[in-house]
Each structure stands twice: as structure tokens, then as C-alpha cells.
Amino acid sequence: MQPFKFYFLCWLLALDLEQMKLFRPRAASHNGDLTCGKVSANLANESEIGARRSAFSSSANLKCHEKPGYVWLYRHDREWLAHYVAAHPFIRTRGDLIDWEARDTALSRGLLIANERLRSAEGKPQKVTRAALCRHVAFGHDFLRKPNHFPISIALMEELLESSHDHQVRKIKWAIETYSLTERCAKSVVYRFAGIRVAELKDEECFALLRGKD
């Protein structure tokens, strides 16, 4: 510093030479403090990182991105986070995505609708079988392979299935109405029009149907 500037500074600060000698440059005295500050800051950061890691890894949530501190670790401790995620992958199962109870309820409604459509379809009566019902509902035959997931639908299907006897009764009623058959018709004629080869019902039942007695 030039002498003039030095004395001018002393005059501005109202200090004499002896007081100026007591002055210690801040940079020199602060170097040690600055180092200590960095060490303290590093210790604080390490302490925070440890706390964040502990809270994150001890969380019961299986999804890493929903654990506490995920965003903070991603920004400040990404390498550790990447290793943790790689070592703890979240494996999603199809069971987690499917509401089986709701699907079972929807399927049971579909079976009732399918049953009604089959029985009211035009033309010669079609027998209500598992295959016929499955063709008219969502999921097809898939639910038959998982009976534990569809208890309502499985039980309902067993009730809707049509026996050979009941199917032949419907076929005879259809033949009587379609071809105006009367009780004067021979049994063989009725069976032929109804498309029955091997009768599952008794003769009395056939004649009762011809007389209009169910």
C-alpha cells in the first residue's frame, strides 16, 4: 500500500500507528476458521445423509419412489440410491392388479344374460352347456381354469346347465308350436320334427306336451 493511502486510511478510521499494529488481517486469521467450517459442514452433510438413508431403508413401503426422502436422495446421494433400488426391486404381480371379486360379480351377470339369450334365441332350441355359455361371456373359458377366483360364477353355471331331458322338452315345445303338431301325431313324428334321436323323456311326457299340459 502506498504511504499516502495508508495514512489517509488511518485518518478515515481515526486510528493511530499503534492501533493499526494491533490489526490482524481477516484472511489470515479466518483461514483456520474456514477449514473448520468446511469440516463442520461436511460432518453435518454426512450426518444428514446417514439419517436420510436410514429413514429410507427402514420404510415398510415396497415401492422405492414412495419411501420418505426419495427425491432428496436422488438429488444428493444418487449413487447410493441407485445401488439400493437395484438390490431391492419391486416385483408387481398380476394379483395386485385384478379385483377378482368385482370380476366374479360381473361374470355372474354375464352368465345370466347369456342364459337368457340362449333360451330365447330363434330357431331350434340350443342346449345350454358350458361351452355355449362361455361363448357369450367375457374371459371365455379362462374363469373355468381359476375356480377359486370365481366361486359365484362357477356355482351359478352349474345351476344354469341344461340336462338332456330338459333340452328335449324345450325342443318338443318348439316343434309343436312351429309345425302346429297335435296329439294325433305319432310320437316318432314329433321326435323327428324336434330333432330327437334318442328320447330322454317318457312317452307320457311327450303326449302331455302335445295336449298342452306341461
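Which of the helices (runs of 4 or more DSSP H) contained wholly in region 70-186 include at least 2 residues that are exposed (fewer than 11 other Cβ atoms within 10 Å of the Cβ)? Can you show your working first?
Numbers: elements: 70-76, 78-87, 100-120, 130-135, 151-160, 164-179.
Per the criteria, 70-76, 78-87, 100-120, 151-160.
Which residues, taken from region 175-214, are free of Cβ contacts under 8 Å to residues at least 60 places away in the same chain and within 21 Å of Ala131 (Cβ to Cβ)?
Once the filter is applied, which keeps residues that are free of Cβ contacts under 8 Å to residues at least 60 places away in the same chain and within 21 Å of Ala131 (Cβ to Cβ), region 175-214 yields Ile196, Arg197, Val198, Glu200.
Look at region 187-214 and say how many of its residues are surrounded by fewer than 14 Cβ atoms within 10 Å (Cβ to Cβ) and among the hydrophobic types (A, V, I, L, M, F, W, C).
Qualifying residue count for the region: 2.
Quick one: Arg103 ticks every box in (1) within 23 Å of Ala194 (Cβ to Cβ); (2) at pLDDT below 95; (3) not small (Gly, Ala, Ser) bar one, so which box is it?
It is condition (1) that Arg103 fails.
Restricting the search to region 162-178, which residues are in contact with a Lys or Arg (Cβ under 7 Å, 6 or more places away or on another chain) and over 14 Å from Tyr191 (Cα atoms)?
Glu162
The values are calculated or read from the model by the stated rules, or taken from the named source; none is laboratory data. Because the structure is predicted, anything quoted here is derived from the model rather than measured. Quick reminder, even Gly has a Cβ in these numbers, built from the backbone with ideal geometry, and neighbours come from all protein chains shown.
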